[in-house]
Amino acid sequence: MERLQKVIAHAGVASRRKAEEMILEGKVKVNGKVVKELGVKVSNSDKVEVEGIPLEKEEPVYFLFYKPRGIISSVTDDKGRKTVTDYFPQIKQRIYPVGRLDYDTSGLILLTNDGEFSNLLMHPRNEIEKEYIAKIKGVPLREKIKMLEKGIQLEDGKTAPARAKVISVDKKKGTAIVSLTIHEGKNRQVRRMFEAIGYPVMKLRRERYAFLTLQGLNAGESRELTAHEVKQLRFLAESN
Ligand code: URA
């Protein structure tokens, strides 16, 4: 479900503010009835009309993108930095990222113009797994890695059980590569989890999102999800 004004804006009819004005002026109908409140939410199956004209829905599109480091995970940036949508100049739909990766984090991020799909995947209840590969400073002790798995007390709460695996250790350099799989999305969660056990993250990449991987892509490249993958993601999220 999405707010009516957002749906109207996404269909390209008007800006969100203008859409709000149109709703208040009684120019918008949902399933044949005038709606004058701003709080109303609608789903894909609701029929929305603006000034008597049915909304032409944008064709939904779904992309898997290998975000390079040093790119912002949003549609625009007030400091003028490059954002993930700058990599899709040929796409006329208004796509945006599903969730975020930090500026310094590289890896797998989905982009779509399907708000319901995006909300579904991001809802914490739906517990989509994300696997991160971190290069950390320090050679981790087994009990510290266990702490990551059990849950770490962060300032905004304890992290849920996770899976962690040391992939390699460079004793000379005093660094290690660790895989961490979580299903939450607290802000800078992976970096804060490692920080909490005393091993700051030097480099971070999201390697996997549910069953999707970066296979076949270089940083800065993307591909469309197949219809089957979109269905599978929906199914996975809905079954949790
Ligand atoms: N955890 C982080 O610390 N950063 C990200 O970008 C994603 C997860």
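Numbers below:
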| item | result |
| --- | --- |
| When the convex hull of its Cα atoms is projected in every direction, mean area for the chain (nm²) | 15.0 |
| Structure-based [θ]222 nm, the chain - -39500 (n - 2.57) summed over DSSP H runs of at least 4, per residue, nearest 500 | -6000 deg cm²/dmol |
| Sorted peptide list for 47-57, 103-113, criterion being average Cβ within 10 angstrom, highest first | 103-113, 47-57 |
| E58 paired with R234, simple spin-label distance in nm, labels 7 Å along Cα-to-beta-carbon | 1.8 |
| Heavy atoms of E20: accessible area, 1.4 Å probe, square angstrom to 10 | 60 |
| Label-to-label distance, nm, for residues given as E184 and E149 (7 Å Cα→Cβ offset) | 1.8 |
| Listed residue pairs exceeding 31 Å between alpha carbons, taken from K79/K158; K67/K92; K92/K135; K41/K130; K158/K203; K18/K79 | K79/K158; K92/K135 |
| Full-stretch length increase - T213, S45 - with 0.36 nm per residue and alpha-carbon distance subtracted | 57.3 nm |
| Cα gyration tensor category, rounded, prolate or oblate, for the stretch 113-168 with a/c compared to 1.5 | prolate |
| Protein accessible area in the chain, 1.4 Å probe - carbon and sulfur % | 49 |
| Cα-based shape type of the stretch 2-54, given that a ≥ b ≥ c are square roots of the gyration tensor eigenvalues and the cut on a/c is 1.5 | rounded |
| Label-point gap, in nm, between E37 and K137 - each point 7 angstrom along Cα→Cβ | 5.3 |
| Rounded accessible area per residue of the chain, 1.4 Å, Å² | 56 |
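The values are calculated or read from the model by the stated rules, or taken from the named source; none is laboratory data. The structure presented is a predicted model; accordingly, all values stated were derived computationally and were not measured. Cβ sites come from the backbone with ideal geometry, for glycine too, and all protein chains shown count toward neighbours. Surface areas here come from the heavy atoms of the whole protein model, side chains and all, with no ligands, DNA or RNA. Shrake-Rupley method; radii C 1.70, N 1.55, O 1.52, S 1.80 Å.
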